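Peer 1: Here you go, one structure.
Please treat every number below as a calculation from the coordinates, not as lab data. All values reported here derive from a predicted model rather than from experimental measurement. Counting neighbours? That spans all protein chains shown, and the Cβs are built from the backbone with ideal geometry, glycine included.
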Amino acid sequence: MIKTVRRRICGATFKMETRLATIAANYAEQLAAYNAGREKLDTAIGKLQNRQAALERKKQKLNFPYWTEKLLRPVLDEIKPQLPGWACDDERLTPMGIGCRVSVFFCKRGLPKNADPWQEGKYIYIVFSPGELDNGELWYETGKKTDRFGLGTIGELNGFNQITKVLDSVEEAVNHLKNQSLKIKTNKNQ
């Protein structure tokens, strides 16, 4: 829209177009387009935020598969029936130290009530630690030691002198425990 006005300059009258109306109209169109575009984007963002909030709620409901419960406990459930006469103390599988070592003790069944189950010869144990968890890997301490870390060092206190090995089968863990049981019997007979 072009607006014309008459101006008198130096005694002469001229017909002049004012561009202000055109500029104002162009700006109003641009502002309307911006507001429409922004409103459309705000609506889309709102939908995405609602979707994100719904996904966050779903994420919060996911149960993390703790290695002690979803990897170690099923292995122990396979070991326990293969060790008759031994009760597994697996109520709490608590990782300890830098290496996240979990000690699992098996006490002799049928001990007198006043007997100390932790007395030498009345228990066997196995110590597990997580391996490459993305592959479901579980390690156990073989019972052998090295002297890489000096007495009283953080490495020694956290069990890093213990030789560990990937657990290849449940039978391997059962054999490790049965060997301890045999040593107990052998020591008793001597």
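Peer 1: Determine the relative contact order of the chain: mean sequence separation of Cα pairs under 8 Å and six or more apart, normalised by residue count, in whole percent.
Peer 2: Values: 190 pairs, mean separation 24.6, N = 190.
Rounded, it is 13 percent for the chain.
Peer 1: Using only helices, what value at 222 nm comes out for the chain when you add -39,500 (n - 2.57) per DSSP H run of length 4 or more and divide by the total residues, to the nearest 500 deg cm²/dmol?
Peer 2: -13000 deg cm²/dmol
Peer 1: Rounded to whole Hz and in sequence order, give me ³J(HN,Hα) for segment 42-58 from the Karplus expression 6.51 cos²θ - 1.76 cosθ + 1.60, θ = phi - 60°, writing x for Gly and Pro.
Peer 2: Each residue of segment 42-58 in turn: 4, 5, 5, 5, x, 5, 5, 5, 5, 5, 4, 4, 5, 5, 4, 5, 4 Hz.
Peer 1: Given charges of +1 on the Cβ of Lys and Arg and -1 on the Cβ of Asp and Glu, with all other atoms neutral, how large is the dipole of the chain about its Cα centre, in debye to the nearest 20?
Peer 2: My answer is approximately 1380 debye.
Peer 1: With a Cα-only, solvent-free Debye model of the chain, what are the log10 I(q)/I(0) values at q = 0.09, 0.15, 0.17 Å⁻¹?
Peer 2: These q points yield log10 I(q)/I(0) values of -0.57, -1.01, -1.17.
Peer 1: So, counting K/R as plus one and D/E as minus one, what does the shell of residues with Cβ under 14 Å around Gln49 add up to?
Peer 2: Within the 14 Å Cβ shell, the charges total +1.
Peer 1: How large is the translational diffusion coefficient of segment 22-97 in µm² per second when you combine the Kirkwood radius over alpha carbon pairs with Stokes-Einstein at 37 °C and 0.692 mPa s?
Peer 2: Stokes-Einstein gives a translational diffusion coefficient of 178 µm²/s.
Peer 1: Given H placed on each backbone N at 1.01 Å, which residues far from Leu138 in sequence or on other chains put an amide H within less than 5 Å of it?
Peer 2: Correct list: Gly131, Leu167.
Peer 1: Apply the Karplus curve 6.51 cos²θ - 1.76 cosθ + 1.60, θ = phi - 60°, to the phi angles in segment 112-117 and return the couplings in whole Hz, x for Gly and Pro.
Peer 2: x, 4, 8, 6, 8, x
Peer 1: On C-alpha positions alone, give me the angle between the axis of helix 170-189 and the longest principal axis of the chain, in degrees, nearest 10.
Peer 2: Long axis of 170-189 versus the principal axis of the chain: about 30 degrees.
Peer 1: Could you tell me which of the pairs Lys70/Lys113; Lys70/Lys165; Lys80/Lys183; Lys144/Lys165; Lys70/Lys108; Lys108/Lys144 are separated by over 22 angstrom between their Cα atoms in the structure shown? Let's see the in-between values first.
Peer 2: Numbers: Lys70/Lys113 33 Å; Lys70/Lys165 20 Å; Lys80/Lys183 19 Å; Lys144/Lys165 11 Å; Lys70/Lys108 26 Å; Lys108/Lys144 24 Å.
Violating the 22 Å Cα-Cα cut-off are Lys70/Lys113; Lys70/Lys108; Lys108/Lys144.
Peer 1: For Lys40, give me every one of the aspartates and glutamates with a C-alpha distance below 17 angstrom, ignoring sequence neighbours fewer than eight places off in its own chain.
Peer 2: Glu29
Peer 1: Right, something else. Which ³J(HN,Hα) values, rounded to whole Hz and listed in residue order, are derived for segment 151-163 from phi using the Karplus coefficients 6.51, -1.76 and 1.60 in 6.51 cos²θ - 1.76 cosθ + 1.60 with θ = phi - 60°, glycine and proline given as x?
Peer 2: 4, x, 7, 4, x, 5, 5, 9, x, 7, 8, 6, 7
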